[in-house]
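Visitor: Sharing a structure below in structure tokens format, with a few things to ask.
Please treat every number below as a calculation from the coordinates, not as lab data. On a predicted model such as this, the values are computed, not experimentally measured, just so you know. Don't worry about glycine lacking a Cβ; one is built from the backbone with ideal geometry, like all the others, and counts go over all protein chains shown.
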Amino acid sequence: MNNVIFSNGLRFVVLVFVQVLLLQRISLGGENFNYVQVILYPIFLLLLPLRIPHPLLVFFGFLIGISIDIFYDSIGIHASASVFTAYIRPYVLASIAPRGGYNLNYSPNKHYFGINWFFIYACMMMFAHLFFYFSVEAFTFVYIVDIFISTVASFIVSLALVIIYQYLFDPKD
């Protein structure tokens with residue numbers, strides 16, 4: 001139990017620092033195509049254990065989102081997207097549950113459920129997070145084309161980093 005708390009606490013701190021010190025400064029696409037933002041911190045919510053109570057999951061979503069907002073100087077945009085991601089996680093997990101169900105002692109990662117399952121799970125969660133984030137950032141659907149372009153462009157880069165993260169920090173295969 002203490003190992004799970006320590007590892008997730010460490011993951012929280014490291015992801016916040018990587019996001020705000022490294023990934024915030026990365027500009028992919030140049031001046032003409034400024035639609036790409038590299039966002040990695042939602043992996044904290046994706047990898048929390050399955051047995052975590054839903055209200056606590058939403059609280060952790062708010063906590064990591066507001067931590068990012070403080071450094072990005074945005075007011076609640078990351079927090080709202082993270083709360084949304086944490087809120088929908090049980091529904092996404094239910095929609096892709098394996099036949100025998102989940103072992104609640106596991107975390108949803110490639111080691112326990114396989115890379116194909118994790119890829120589908122990460123795609124659904126990251127796309128939802130990014131679409132919500134860019135929708136709240138624009139605050140109107142007048143820019144739906146820009147929202148969609150930003151979502152897709154950022155999704156490709158961010159999902160690649162999520163998969164790389166899984167192979168680097170969960171190399172049990």
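Visitor: Per DSSP helix of 4 or more residues, -39500 (n - 2.57); summed, then divided by the residues of the chain. What does that give at 222 nm, rounded to the nearest 500?
Guide: -22500 deg cm²/dmol
Visitor: Measuring from a point 7 Å past the Cα of Ser74 along Cα-to-C-beta, which residues in the range 41-59 have an amide N at less than 11 Å?
Guide: none
Visitor: Right, something else. Label Asn116 and Tyr87 with points 7 Å out from Cα along Cα→Cβ: what is the distance between them in nm?
Guide: 3.3
Visitor: When only C-alpha pairs under 8 Å and at least 6 residues apart count, what is the relative contact order of the chain, in percent?
Guide: Taking the mean separation of contacting Cα pairs over the length of the chain, I get 24 percent.
Visitor: Let me ask another. Starting with the fewest neighbours, write out Thr140, Thr151, Thr85 ranked by other beta-carbon atoms found within 10 Å of each beta-carbon.
Guide: The fewest-first ordering by Cβ neighbours comes to Thr140, Thr151, Thr85.
Visitor: Which of (1) 1.11; (2) 2.00; (3) 1.01 is the computed Cα Rg over 2.2 N^0.38 Å for the structure on display?
Guide: Here Cα Rg over 2.2 N^0.38 Å agrees with entry (3).
Visitor: Right, here's the next one. May I ask which residue of Ile68, Phe84, Tyr121 lies farthest towards the positive end of the charge dipole of the range 50-164, with charges of +1 (Lys, Arg) and -1 (Asp, Glu) on Cβ and the Cα centre as origin?
Guide: It is Tyr121.
Visitor: While we're looking at this one, here's another question. For Cα pairs less than 8 Å apart in space and 6+ apart in sequence, what is the mean separation divided by the residue count of the range 96-173, i.e. the relative contact order in percent?
Guide: 34
Visitor: Determine, from the Cβ-Cβ distance of Leu56 and Asn103 and an R0 of 22 Å, the FRET efficiency 1/(1 + (r/R0)^6), rounded to the nearest 0.05.
Guide: 0.70
Visitor: Relative to the present Cα-Cα distance, how much length would full extension add between Asp170 and Phe141 at 0.36 nm per residue of separation?
Guide: Residue separation times 0.36 nm, minus the Cα-Cα distance, leaves 6.6 nm.
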